[in-house]
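See below for the structure under consideration.
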Amino acid sequence: METEKCPVCGTSVKKENLKGHLERLHSKRAGSVSERQPVVKSVSVFRSHTKRNVAILALLALVVIGVSVAAASYDRGVHWHSHLSVTLNGSAFTVPANIGIDSSLWKDHSLDQYGSGAAALHTHDTSGTIHVEVNTSRRDFTLHEFLAIWGQRSDGSAIDGHPVTSLTVYGVQQTSPTGDVVLKDGQKIVMTLSP
């Protein structure tokens, strides 16, 4: 015979008689005691694993900070376009297409480490657009370097044997017709040649 203790008075009662005992002797409490359900204490996952969660969140914060710093310091390089117009005896002198792409128009390879496939400074067509496509923004690239890639005199003094008589940038005359110009995005460069 299996017995249970009454949760109110502690008396041992047969298990099948407990409900009746509670109703007869403890009628005011019978409903609440006999229907009592075991209480399951809910514990927050965050509360039960606080130290572990703090460590995980701290690690996650460090990863986010590390990725942010790495992304900020990563040099994506630049892709700029300068425009070079050349005139000879008052007529347009064509800047060839594929300078720095076609091997016959890629004479100087000193900047190859900054390009990818094509020279760091190159043309695609005869519009005079110089593409500055380089893997770093931490270095200036110049008109003289472009001329060297093209196979012209790298000091900027002549193009195809024709002396440079004037050089303007954004319409401003440069002090020396052979002065070097740092290439910038949207820049307009005009070189005038004499026969």
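The values are calculated or read from the model by the stated rules, or taken from the named source; none is laboratory data. Keep in mind the model is a prediction, meaning the values are calculated, not measured. Neighbour counts are summed over all protein chains in view; Cβ atoms, including those assigned to glycine, are modelled from backbone coordinates with ideal geometry. Calculation scope for accessible area: heavy atoms of the full protein, side chains included, ligands and nucleic acids excluded. Shrake-Rupley method; radii C 1.70, N 1.55, O 1.52, S 1.80 Å.
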Those residues of the stretch 13-34 which are among the charged types (D, E, K, R) and modelled with pLDDT under 80 amount to 28, 29
Self-check item: Filter result for residue 129 (farther than 22 Å from residue 77 by Cβ and either open to solvent by 40 Å² or more (accessible area, probe 1.4 Å) or in contact with a strand residue (DSSP E or B) (Cβ under 6 Å, 6 or more places away or on another chain) (or both))
Solution: no
On the basis of being surrounded by 10 or more Cβ atoms within 10 Å (Cβ to Cβ), at pLDDT below 95 and over 31 Å from the mean Cα position of the chain (by Cα), does residue 49 make the cut? yes
Any chance residue 123 is in contact with a Phe, Trp or Tyr (Cβ under 9 Å, 6 or more places away or on another chain) and modelled with pLDDT under 95 | no
Just one listed residue, out of 87, 126, 136, is among the β-branched types (Val, Ile, Thr) and assigned to a strand (DSSP E or B), and it is 87
Note on the stretch 82-114: residues open to solvent by less than 70 Å² (accessible area, probe 1.4 Å) and over 14 Å from residue 150 (Cβ atoms) are 83, 85, 87, 88, 91, 112, 114
Considering residues that are under 32 Å from the mean Cα position of the chain (by Cα) and in a strand (DSSP E or B), the number found within the stretch 139-186 is 2
